[in-house]
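Derivation of every value follows stated rules applied to the coordinates shown; laboratory data play no part. Predicted model, so just to flag it, every value in this text is computed and none were measured. When we count neighbours, we look across all protein chains shown, and the Cβ atoms used for this are built from the backbone with ideal geometry, even at glycine.
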Amino acid sequence: MNGLATQPDSRQTGNQGHLFVVSAPSGAGKTTLCRAARERLPQLVYSVSSTTRGPRIGEVDGQDYFFVSEAQFRQGIESGLWAEWAKVHDNYYGTSARFLDDHLQAGRNVLLDIDVQGARQILQRYPEAVTIFIAAPSMAVLRRRLTARGLDSPEVIELRMKNAQAEMDSRDLYRHVVVNDDLDAAIKRFVDILSKGAG
């Protein structure tokens, strides 16, 4: 299934799957929790976003992202294809509503890993989505994690911390908040939420 299609009907009807929307500040452990959940719940569909940026080494089209041209993406904006979209660092990123609808209407549960801005857009189109926010125990712990990763310059870390505070201020938007203090406990809580939402 590719990331582009005709404009879908996003109305949720019948015995369809649940849409789980998960967000977190950088460094809170969202990627680790999502990976653990996918291992424990193999039937869970992981939503694949579309982007206009080129693939990085090792990335696979349709698995990591659907890689599309800017013209294709803009056409998707005009036709209402995207359930949510944003332009980040001169590249477009978006989630195909057709991708979500096809799986949900087939009764499959879908996990969508997205930022707070995207989550707000998703909730406008899918108000019944189960929203989950992953939080670090404190901003001090988050800073230590970002620094320990050794991936970012001090300036980038400061920007991530500023963004993290804004994201933390929006966590009331989410139905569930999982504090990633003890990793095993956080994984259990996260998987429990996904399992109960499917029940």
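Could you name the lysines whose alpha carbon sits less than 27 Å from that of K162, not counting residues in the same chain fewer than 8 places away?
K30, K87
Report, for region 48-107, the % of DSSP beta bridges that are antiparallel, rounded to 5. Each step should come with its number before you reach the end.
Details: 8 of 11 bridges.
Roughly 75 percent of the beta bridges in region 48-107 run antiparallel, per DSSP.
So which aspartates and glutamates can K196 reach, going by Cα to Cα under 14 Å and dropping same-chain residues fewer than 8 places off?
Cα-Cα hits under 14 Å: none found.
Provide the net charge surrounding A166, with neighbours chosen by a C-beta distance below 14 Å and charges set as Lys +1, Arg +1, Asp -1, Glu -1.
On the way: positive: R120, R160, K162, R171; negative: D115, E158, E167, D169, D172.
Local net charge: -1.
If I stretch the segment between D102 and V179 completely, what's the gain in nm (0.36 nm per residue apart, minus their alpha carbon distance), one decimal? Write down the numbers at each step before the final one.
Numbers: separation 77, 0.36 × 77 = 27.72 nm, distance 3.18 nm.
Value of the extension gain: 24.5 nm.
Considering only DSSP beta bridges where both residues belong to the chain, give the percentage that are antiparallel (nearest 5). All intermediate terms of the calculation are to be shown ahead of the outcome.
Working: 8 of 25 bridges.
Of the beta bridges lying entirely in the chain, close to 30 percent run antiparallel.
Subtracting the Cα-Cα distance from 0.36 nm times the residue separation, let me have the gained length for V88 to N163 in nm, one decimal. The partial results should precede the final answer.
Details: separation 75, 0.36 × 75 = 27.00 nm, distance 1.36 nm.
Result: 25.6 nm gained on full extension.
Put a dot 7 Å past each Cα toward the Cβ at S138 and V156; how far apart are the dots in nm?
2.7 nm
Mind checking the log10 I(q)/I(0) for the chain at q = 0.11, 0.13, 0.15, 0.19 Å⁻¹? Debye, one equal scatterer per Cα, no solvent, two decimals.
The Cα Debye sum returns log10 ratios of -0.52, -0.73, -0.98, -1.48.
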